[in-house]
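Here is the structure we will look at, set down as structure tokens.
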Amino acid sequence: MADSPGTRPVTPPCDPAEMGDLPSYASVGETAAPDATVTLCGAYELDPHLVHPLIRDLPDLIHIPAQWGRHPHLRATVDLLAAELTGPGPGSDALIPALLDTMLVYLLRTWLAGEHPVGWAAGLADPVTGAALRAMHREPGREWTVAALAAEGGLSRAPFARRFADLLGQPPMTYLTWWRMTVAAGLLRRTDTTLDGIARQVGYASEFAFAAAFKRRFGVAPGRYRRH
């Protein structure tokens with residue numbers, strides 16, 4: 001990391017033991033004299049089958065300039081995280097992961113506010129498709145039709161379907177199926193709800209119909225997915 005391509009690299013003179021006891025999920029990067037700079041690196045491990053479409057639409061790199069006063073919520077979260085990492089106390093093991101999640105949300109929110117949204121973010125920002133998206137996410141088990149989703153956004157069926165496909169790159173019912181399968185996969189991984197119960201929660205009248213849709217999406221039957 002450097003301020004310009006012509007800057008000569010400097011080997012950090014810091015003894016790692018002087019950096020204190022950081023949690024295992026935090027790592028210290030470059031430290032340069034005389035003013036120490038600590039680079040905090042974190043990572044999220046994602047299931048490739050369950051990646052949210054917003055993540056797929058993000059650029060490879062997002063840079064949020066640290067300008068005082070511009071992003072107070074993000075700045076407050078960074079300060080709280082720094083305080084917990086440099087002076088951990090009772091409850092730090094619970095606070096630090098929560099603050100990392102909070103920081104990620106504020107980073108994404110800050111970036112979206114400063115950019116022209118595309119893909120899923122554009123769909124959510126649009127008043128018509130955004131209303132439909134929120135309805136699908138809120139009630140995945142409802143017997144949705146394109147007309148019912150269009151009514152959520154206050155538009156007729158055909159214009160809504162075109163608008164949804166233009167913004168999100170797929171028809172509304174295709175997106176609904178993806179979301180239902182994503183919810184179902186999460187329930188299979190985290191709960192012991194029966195397959196019939198999960199099927200009804202995500203809008204399928206029978207376990208058989210649900211299992212067929214799930215296998216088309218993930219390549220394995222829901223029972224096998226749960227076991228593995």
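Things to note:
- Solvent-accessible ranking of 1, 103, largest area first, probe 1.4 Å: 1, 103
- Cβ-defined net charge surrounding residue 140, 12 Å radius [Lys, Arg +1; Asp, Glu -1]: +3
- Reciprocal of mean inverse Cα separation for the stretch 126-228 (Kirkwood radius, Å): 14.2 Å
- Cα-based Rg and Dmax for the chain, where Dmax is the largest Cα-Cα distance (Å): 22.7, 67
- One chain, two ends: residue 151 and residue 101. Fully extended at 0.36 nm per residue, the span grows by 14.6 nm beyond their Cα-Cα distance.
- Residue among 182, 121, 170 farthest towards the positive dipole end of the chain, charges placed on Cβ: 170
- Mean residue ellipticity at 222 nm, helices only, the chain: -17000 deg cm²/dmol; runs of at least 4 DSSP H residues each add -39,500 (n - 2.57), and the sum is divided by the number of residues.
- Fraction of accessible area attributable to carbon and sulfur, the chain (%, probe 1.4 Å): 57 percent
- Largest to smallest in accessible area, the residues 156, 206 fall in the order 156, 206 (1.4 Å probe, all protein chains included).
- Derived scalar couplings ³J(HN,Hα) [the stretch 212-221; Karplus, 6.51 cos²θ - 1.76 cosθ + 1.60; whole Hz; x for Gly, Pro]: 5, 5, 5, 5, 4, 7, 10, x, 9, 5
- For the chain: accessible area per residue (Å², 1.4 Å): 64 Å²
- Distance between the stretch 120-170 and the stretch 57-100 - C-alpha centres, whole angstrom: 34 Å
- Spin-label proximity, residue 49 to the stretch 187-228 - amide N less than 12 Å from point 7 Å beyond Cα toward beta carbon: 187-189, 214-228
- Here the dipole of the chain is about 1420 debye; that uses its Cα centre as origin and unit charges on the Cβ of Lys and Arg (positive) and Asp and Glu (negative).
- By accessible area with a 1.4 Å probe, ligands and nucleic acids excluded, highest first: order of 75, 70: 70, 75
- Qualifying chymotrypsin sites (Phe, Trp or Tyr not before Pro) for the stretch 51-122 [loop in DSSP, other Cβ within 10 Å: at most 13]: 68
The values are calculated or read from the model by the stated rules, or taken from the named source; none is laboratory data. It should be emphasised that the depicted structure is a prediction, and the values quoted were computed from it without experimental measurement. Ideal geometry is used to build each Cβ from the backbone, glycine not excepted, and the neighbour counts take in all protein chains shown. Heads up: the accessible areas ignore ligands, DNA and RNA and are worked out on the full protein's heavy atoms, side chains in. Shrake-Rupley method; radii C 1.70, N 1.55, O 1.52, S 1.80 Å.
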